[in-house]
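The values are calculated or read from the model by the stated rules, or taken from the named source; none is laboratory data. If you're wondering where the values come from, they're calculated on a predicted model, not measured in any experiment. Cβ atoms come from the backbone with ideal geometry, glycine included; neighbour counts cover every protein chain shown. To get the accessible areas, we keep the full protein, side chains included, count just its heavy atoms, and leave off ligands, DNA and RNA. Shrake-Rupley method; radii C 1.70, N 1.55, O 1.52, S 1.80 Å.
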Protein chains: 2
Amino acid sequence: MNRIILLVLLLQPVVSLCQKADYPIQVVPFTKVKLNDNFWLPRIKTNHTVTIPASFHRCEETGRVKNFEMAAAKSGKFCTIFPFDDTDIYKTIEGASFSLSLYPDKGLEDYIDSLIIKIKNAQEPDGYLYTARTINPDEPHHWAGKQRWEKERELSHELYNSGHLYEAAAAHYQATGKRNLLDIALKNADLVCSTFGHDKKHVAPGHQVIEMGLVKLYRITNKKEYLETAKYFIEERGHFKGYDPNSKDPWKSGAYWQDHKPVVEQFEAVGHAVRAGYLYAAMADVAALTDDKAFVTAIDSIWENVVTKKIYVQGGIGAVGDGERFGENYELPNRTAYNETCAAIANVYWNHRMFLLHGDSKYMDVLEKSLYNGLISGVGMDGKSFFYTNAMEIKDGQPHKDMETARSGWFPCSCCPTNVTRLIPSIPGYMYAQRENNIYVNLFASSTTNVELNKKAIEITQQNNYPWDGKLVFTLNPKAPQDFNLLIRIPGWANNQAIPSSLYSFEHMSQEKVRITVNKKPVEFKVEKGYAVLTNRWKKGDVVEVDLPMEVRRVVANPHVMDDIGKVALQRGPLIYCAEWPDNNGKAGNIILPDAVKFSAAYRNDLLNGTTILTSEAIAFVIDDTGQSVTTVRQPFTAIPYYAWAHRGTGEMMIWFPKKITNLDLISR
Amino acid sequence: MNRIILLVLLLQPVVSLCQKADYPIQVVPFTKVKLNDNFWLPRIKTNHTVTIPASFHRCEETGRVKNFEMAAAKSGKFCTIFPFDDTDIYKTIEGASFSLSLYPDKGLEDYIDSLIIKIKNAQEPDGYLYTARTINPDEPHHWAGKQRWEKERELSHELYNSGHLYEAAAAHYQATGKRNLLDIALKNADLVCSTFGHDKKHVAPGHQVIEMGLVKLYRITNKKEYLETAKYFIEERGHFKGYDPNSKDPWKSGAYWQDHKPVVEQFEAVGHAVRAGYLYAAMADVAALTDDKAFVTAIDSIWENVVTKKIYVQGGIGAVGDGERFGENYELPNRTAYNETCAAIANVYWNHRMFLLHGDSKYMDVLEKSLYNGLISGVGMDGKSFFYTNAMEIKDGQPHKDMETARSGWFPCSCCPTNVTRLIPSIPGYMYAQRENNIYVNLFASSTTNVELNKKAIEITQQNNYPWDGKLVFTLNPKAPQDFNLLIRIPGWANNQAIPSSLYSFEHMSQEKVRITVNKKPVEFKVEKGYAVLTNRWKKGDVVEVDLPMEVRRVVANPHVMDDIGKVALQRGPLIYCAEWPDNNGKAGNIILPDAVKFSAAYRNDLLNGTTILTSEAIAFVIDDTGQSVTTVRQPFTAIPYYAWAHRGTGEMMIWFPKKITNLDLISR
């Protein structure tokens, strides 16, 4: 139990340690949430039993661990591809640390300790830690400069490695109480903070993440230099003189790194989407801790830009493959949609922090959309097959060269698998939050949670079959009757909003309303910032029931999105659906969904680890074997949740369906 | 008759004036060819009666003439858009000069003289002539620098204007014997030659044409500085240090201007296609006049590159709209095919010179393909409606923003209309050539021509109905019996070669052979460099008859051309065909042409000023009004010559037809 108490203390550092400015809303830490649901718990278990061991195995097998051993010995030759390969170990340790607090595992803990020794041995005396140079400083990795930090802006990723080290160290310390990794991180952070700053060496990190990492170290140690350096790294952006401000090439203008303008002058999401998401998340952190209103103004604008112009209907961001980056406004092509899994994860980090800053459910709506769709699509149900990109459509005859059509094991650049490894076990931490006398319920999954509100313990259980069923049952068990507000997120989609933006909308307004009962009695409720606010003197055994309308909804896009004109997508609850070839006569790109089509939803225990499918009758084109005759037929139509695609071989998959056809492109290859 | 004699002298300056190295083959000048055919003569007449007057009218109406008046007065404000608008007057004078020698017209000649006075008055005392600066040197056009020539490399087009002035002056002098425009040109050329050179001011002209123009002035005056400066301008390319040689952006690497490498190191066609064509043509001129073998090596390689990898099936070049430039090898997209009319004209200039250099028919094959297809498509049969770009396909539902779908009058940038104006009346000049004891017959059209071979006059008449009919009748009327070789071009297409390259081929080899009779008796003939060589002691009234097989041929593209995979185009004689909406049930993008389809060809007097159409039965997709049902039907298929499209309103047009369908793209807008 000591471990849990420590975690609680550390994840609420504002209250327990610093008593300074921080987010007005505090997270109920994931360790306080005991899932017993059928959606997330199996994934977290698979992550623990399959993904984490496989990930460590690959770190060994590919030479990532050996890089640390060689750095310790100061001999050999860096034996993997990228200088940031160190971070796969850090990220897996981070995921394993989260997982350890759910599944205590002495063997895993010992193994991590053995890795930490190797990491420690690879650290140079002054704290520098970067195997791509330390192995042989005379011949560092060709992405690194001859001198430390020399190519940090461009390619070296020295500070990126440090950032993931800090994130891992914070999680490991919080999960285990051990300082062995933390001390390595702090030693490195002290070097970084003494090297960089407004009155020291200048650089805007080439790939953000150290900013969030430093904030975590600050929260643990209360050492103000960490926060100051995090803020410095953010403020340094936009001041490098070597770019061409007029270039449309994001590498030449600096926009690729969000380095084209000072961050407080940035109001549009541009450049590499993972870098961007990490930056915006860090800006939220630093804004909360330093009350920086200019940062808030910037990220508020950028967020509006993303959700009204730059996010796919399945929650993916980073539309453009060339640079893994945000496109222009409304540039959301389906055939070449890049949607890196890591970008979805970055978007979760950012939106969670936006919620903690503003207390508005719209951020959790975006988080939920990403989490249930374009993020978990990135990891197969077996826990060991991954997507780096998350396609919006796969059609025979014209696959795009940059798009993945099938899951694979680790990629040479394995950022996404290890990022998934650390994200999945942290999901319970996004479910609840609290502020003064308010408890926020953000995500829905059967679970038991212990919240301490005004120093009084309250147990909350959720019983539901979400996302398949909209019936949510909450049982409140305060130790003694207690006045507080229960704020239950009413998802935008339950309220006829496809996403809180002008980018997508539902074609038909639902007449079904969200209904809430308390102890079986219907209650009127007000909605504030997207939350149903239930004020009561709650007593043990009080039952709150919420009914979210779960009809199938037809989504249409803003007509500025060229690729989606005249098309419809399908949503039920938080899930975006797709049609995949095994369910639709071997194809999917040949389907049209006229306005009149009605859908049935049915849970299928036998399919894709259990899932609700949508069925209907659609129109499909059928080309005969000669290639010289085509007819339309009515045929059964089946859609599965988008996240579940690509588990049954390679073939066509579609999210957007034409409602009618105005023309055809004849494809002859 | 004086005028004609002068022209003959001037167009064969090598023989008559210089006696130096020049092309081994000499042109039989266009004034010696009297057309009486139904294909070209009506176009030349329309050019004379409609296009030239309309063009001068537009020069007046738009302010292009006023610019010269203001420059003379040194007051006012440049009142058109581009600094190269001066050239529209020069190019129209050039076209009118050619035309005047066919249709003497005192009124037109006087009008041109009045324009020449305005041009002369606009010329500065030292010969500088560029209204965009002279009107107000303190505030020149924003594309021009503060000083003369300062922005020549980038945008000013000062030397481009000079080049077109020289071309116009040479033509006007040759057609009229008057020196009024020539003297203006020579004064300007003297300034240019005293300003630029290896030991003077350096610049590679921003838009080539002056090189060809200087060569023409050299041929008239025999003044070696003109030739030297032309050669200098060519050799100067590739030596500017301000480019980024690694950039893929053709503006940054200099490739846009063919300025990325010294010309003798250029072996691939790159950059702006008109600039490129003018450069390669000028390199041929200078190579012929100076025996520069390195120039020849370079343009031979570039020519191979174009005809094997960068030319459309209708003869167009410059596939990429962004930069009006050559794409990568095999980058020949249909939907966005740019194919500027001026680029087709430049290609004619270049290929004609390649023929004069090498005496191979393959260059005339390319010239013929361009001339009969992607070049004259650029001017409507009314002589006053134009295409700047020449599309490869027009489909409803997905027009590309940069592609023209209908002809229009003059464009603001009116390079193409005025370029057409000067090209059309010069066409008879491409029909014949001679070398020692050989007469080359390159193009086929009913006509009477007088050739002087070894100082003896030979009249040759052609009687045919080309390109509709492959039966060609030549009657030879030497004054007295004479030994010479008649070299008749056997078009590549008549010999089972779609174009002399590996880029396109015919799907089926024809069994029909070219047959030739002399005085009705079949003769065996040898083919050398693509010419049937008929050696004889020819006497008055000898009749040579050539039968070119005119079957309809199915063209397929090299499989590297992604857009044409599985598709077929149609050719008959030199003409590429297209299907246009008025003939095919209002659509064209819905047609497939299976292998089994057989075509009939029939001349239709009532259609499109008289044309041979192809008919057959094809398969077409039909979408019903609801947009939810599609069927395939067999329907009559009609194709018209590509050059004749877009005369009956706006709608679909296709050149490449799928042979069968492997998939469909459903278009919903």
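List for the range A:643-669: residues with 30 Å² or greater reduction in accessible area, all protein chains versus chain alone, probe 1.4 Å? Output list: A:LYS660, A:ILE661, A:THR662, A:ASN663, A:LEU664, A:ASP665, A:LEU666, A:ILE667, A:SER668, A:ARG669. With all protein chains in place and a 1.4 Å probe, the accessible surface of the range B:37-236 carries 53 percent carbon and sulfur. Separation of the range B:347-366 from the range B:577-624 is 33 Å, based on Cα centroids. Inside 10 Å of the C-beta atoms of B:626-635, what's the mean count of C-beta atoms belonging to other chains? Across the residues of B:626-635, the mean count of other-chain Cβ atoms within 10 Å is 6.
When chains B and A come together, the accessible area they lose, probed at 1.4 Å and totalled over both chains, is close to 3600 Å². Ordered from highest to lowest accessible area with the whole protein assembly present and a 1.4 Å probe, B:THR341, A:THR650 read as A:THR650, B:THR341. Rolling a 1.4 Å probe over the protein heavy atoms of the range B:432-547, with every protein chain left in place, gives an accessible area that is 47 percent carbon and sulfur.
Applying 0.36 nm per residue to the separation of B:ASP625 and B:TYR103 and subtracting their alpha-carbon distance, the gain on full extension is 182.5 nm. Taking loop as defined by DSSP and a crowding limit of 11 other beta carbons within 10 Å, which trypsin sites (Lys or Arg not before Pro) in the range B:79-176 fit? Answer by residue number: B:LYS146. In this structure B:THR308 has an accessible area near 20 Å², from a 1.4 Å probe over the protein heavy atoms.
Rolling a 1.4 angstrom probe over the protein heavy atoms with all chains in place gives the protein assembly as shown an accessible area of 35 Å² per residue. Burial annotation for the range B:530-572: residues with an accessible-area loss of at least 30 Å² between the isolated chain and the complete set of protein chains, computed on heavy atoms with a 1.4 Å probe, are B:MET562, B:ILE565. With the largest listed first and rounded to whole Å, the semi-axes of the equivalent ellipsoid of the range B:552-658 from the Cα gyration tensor are 21, 19, 13.
For the range B:595-664, applying the loop criterion from DSSP together with a ceiling of 12 other beta carbons within 10 Å to the trypsin sites (Lys or Arg not before Pro) yields B:LYS598.
As a fraction of the 1.4 Å probe accessible area of the range B:552-658, surface on carbon and sulfur atoms comes out at 51 percent. In the complete set of protein chains, residue-level accessible area for B:ILE565 is approximately 50 Å², probe 1.4 angstrom.
Quick one: grab the alpha carbon gyration tensor of chain A, order the square roots of its eigenvalues as a ≥ b ≥ c, and give me rounded if a/c is under 1.5, else prolate or oblate depending on whether a/b is larger than b/c. It is oblate, given that a/c is not under 1.5 and a/b is not larger than b/c. At the residue level, B:ARG669 shows approximately 100 square angstrom of accessible surface with a 1.4 angstrom probe and all protein chains present. Shown for the range A:432-547: lysine pairs separated by 8 or more places, or found on different chains, whose C-alpha atoms are under 20 Å apart, numbering 19. Sites listed here are GluC sites (Glu not before Pro) in the range B:350-455 whose DSSP assignment is loop and whose Cβ has at most 13 other Cβ atoms within 10 Å: B:GLU436.
Candidate membrane-span-like segments in chain A, meaning DSSP H helices with Cα atoms spread over at least 20 Å of their own axis and a Kyte-Doolittle mean of 0.0 or above, are A:86-102, A:180-195, A:273-290, A:293-309, A:341-358, with no membrane implied. Where only DSSP H runs of four or more residues are counted, chain B gives -10000 deg cm²/dmol as its mean residue ellipticity at 222 nm, each run worth -39500 (n - 2.57).
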